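Below is one structure, written out as structure tokens; comments come after it.
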Amino acid sequence: MLEIIDDLFSEIVIGLVMGSGGALLAYFKKLSNTQKNLCSEIQQLRKALIILATALDRQSNRLHEEADSDLEDLVSKVLDKPSE
């Protein structure tokens, strides 16, 4: 009888350990996917910001030729600045 309880206990412990390991692995995989998605969205936002700044710079230079704005350089400086 004690042998049966011991075998049953060891099987339950093994099942719990394997289930916990699987849940932990799934959590870190989801975390990794979220981080990848955020990085790609940040890249897309940076590209959109550069495109919009370039368009605004060209439009303002076209309308006001005497005011030489250089938004493209400003945007690149802001994007290259390390975040704090």
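The numbers here are math on the coordinates, done by the rules we state, and not lab data. This structure is a prediction, so every number in the text was calculated from the model and none was measured. Backbone-built Cβ (ideal geometry, glycine too); neighbour counts: all protein chains shown.
Just a few scattered comments:
- Residue separation of Ser60 and Ser40 scaled by 0.36 nm, minus their Cα-Cα distance, works out to 4.2 nm of gained length.
- Rounded to the nearest 10 degrees, the angle from helix 2-63 to the longest Cα principal axis of the chain is 0 degrees.
- Taking the C-alpha atoms only, the angle from helix 71-80 to the longest principal axis of the chain is near 30 degrees.
- Potential lengthening between Met1 and Leu49 on full extension [0.36 nm per residue; Cα-Cα distance subtracted]: 10.1 nm
- Option label - mean projected area of the Cα convex hull in nm² computed here, alternatives [x] 6.3; [y] 5.9; [z] 7.9: [z]
- Burial ordering of Met1, Met18, fewest other beta-carbon atoms within 10 Å first: Met1, Met18
- Secondary-structure-derived ellipticity at 222 nm for the chain, considering helices only, amounts to -31500 deg cm²/dmol, per-run term -39500 (n - 2.57) for DSSP H runs with n ≥ 4.
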